[in-house]
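The values are calculated or read from the model by the stated rules, or taken from the named source; none is laboratory data. Note that the structure is predicted; figures quoted are calculated from it, not measured. Note that each Cβ is placed from the backbone with ideal geometry, even for glycine, and that neighbours are counted across all protein chains shown. Heavy atoms of the whole protein, side chains included, go into the accessibility calculation; ligands, DNA and RNA do not. Shrake-Rupley method; radii C 1.70, N 1.55, O 1.52, S 1.80 Å.
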Amino acid sequence: MKFFIDTANLSDIAEAQAFGVLDGVTTNPSLMAKEGITGADNITAHYKKICDLVDGDVSAEVISTDFDGMVKEGEALAALNPQIVVKLPLIADGIKACKYFSDKGIKTNVTLVFSAGQALLAAKAGATYVSPFIGRLDDISTDGLNLIAEIRQIYDNYGFETQILAASVRHTMHVIDCAKLGSDVMTGPLSSIKGLLKHPLTDIGLAKFLEDYKKGNQ
Ligand code: E4P
């Protein structure tokens, strides 16, 4: 299972990369704005900084909603660095643009996916990644994890190579449940990755080992 970090915060990205388990980064316009990154030039420069920090795929989202605009923006983003994955919204023109980029060998991440039917369309269009938003479904009392299970079954039935990228992950249990369901990737905040470390018995056990070592070496 790949771990992506879902942020535009350079310090969090650097910390996750240094931790040694990071496979990539996802961003979106809201995450950029949260870091105060505005304007096309600044956003482009920020993507370059993110690519320099990590080894894996970096999703960069288009803001156009028409096919021609998405193609123009996506081509410019893809030209920044081979790590860039063009992130496209699941709308009709987004699916058309996904097919266009897929035919050209440019990686895509189809985002804002909330149903199995949408995920089927993204796979048919050759998406590299599909991003079901599990946290936002949970927010409206709908089982986000069930969507991961449905997409897994559909993709396995037909051997679709599109990778399921569980998005809108909020906490460690989302990560573990997505892993149990066979999600190919999860993207979440730094806390959802670091939280996996925690177990009181690990801390207690380590303290005891160190204490016993000291006793034996006095
Ligand atoms: C996915 O790529 C999105 O950036 C993200 O996971 C959305 O998460 P949120 O629902 O916490 O905003």
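When only DSSP loop residues count, what GluC sites (Glu not before Pro) in region 142-218 have their Cβ near at most 14 other Cβ atoms within 10 Å?
Values: sites: GLU150, GLU161, GLU211; in loops: GLU161.
Qualifying residues, ordered by number: GLU161.
Where nothing but the Cβ of Lys and Arg (+1) and of Asp and Glu (-1) is charged, how large is the charge dipole of the chain around its Cα centre, in debye to the nearest 20? Please list the in-between numbers first.
Details: 20 positive and 27 negative charges, 68 e Å.
Roughly 320 debye for the chain.
With Cα atoms defining each centre, region 152-171 and region 187-216 are spaced 32 Å apart in the structure. As an equivalent ellipsoid, region 1-68 spans semi-axes of 22, 14, 10 angstrom, where each value is the square root of five times an eigenvalue of the C-alpha gyration tensor, largest first. For region 159-218, would you read off the P(r) tail past 17 Å as a percentage of all alpha carbon pairs? Roughly 56 percent, rounded to a whole number. Ligands, DNA and RNA are left out, and with a 1.4 angstrom probe the accessible area of region 141-218 is 62 Å² per residue. Between THR202, THR44, THR187, the Gaussian network model of the chain with springs among Cα atoms under 10 angstrom shows the greatest mean-square fluctuation at THR202.
How big is the convex hull of the Cα atoms of region 1-118, per residue, in Å³?
Numbers: hull volume 12.7 nm³, N = 118.
Output value, Cα hull per residue: 108 Å³.
Entry comment: accessible area of region 54-129 is 41 Å² per residue, from protein heavy atoms only and a probe of 1.4 Å.
Quick one: length gained pulling LYS99 to LEU80 fully straight, 0.36 nm per residue minus the C-alpha distance? Walk me through the numbers before you get to the answer.
On the way: separation 19, 0.36 × 19 = 6.84 nm, distance 2.05 nm.
Extra length available between LYS99 and LEU80 comes to 4.8 nm.
Global dimensions of the chain from alpha-carbon coordinates: Rg and Dmax equal 19.2, 73 Å.
Global dimensions of region 105-161 from alpha-carbon coordinates: Rg and Dmax equal 11.3, 38 Å. Rounded to the nearest 20 debye, the dipole size of region 1-56 about its Cα centre is 100 debye, using +1 on the Cβ of Lys and Arg and -1 on the Cβ of Asp and Glu.
Test of understanding: what is the full-extension gain from SER11 to ALA179, defined as 0.36 nm times their sequence separation minus their Cα-Cα distance? It would help to have the intermediate numbers written out before the result.
On the way: separation 168, 0.36 × 168 = 60.48 nm, distance 2.61 nm.
Computed gain between SER11 and ALA179 is 57.9 nm.
The orientation-averaged shadow of the Cα convex hull for region 105-218, equal to a quarter of the hull surface, comes to 10.1 nm².
Give the carbon-plus-sulfur fraction of the accessible surface of region 16-151 in %, rounded to a whole number; probe 1.4 Å, heavy atoms of protein chains only. For region 16-151, the apolar C and S fraction of the accessible surface comes to 54 percent. The length gained by stretching the chain between LEU197 and MET1 to full extension, at 0.36 nm per residue less their Cα-Cα distance, is 68.9 nm.
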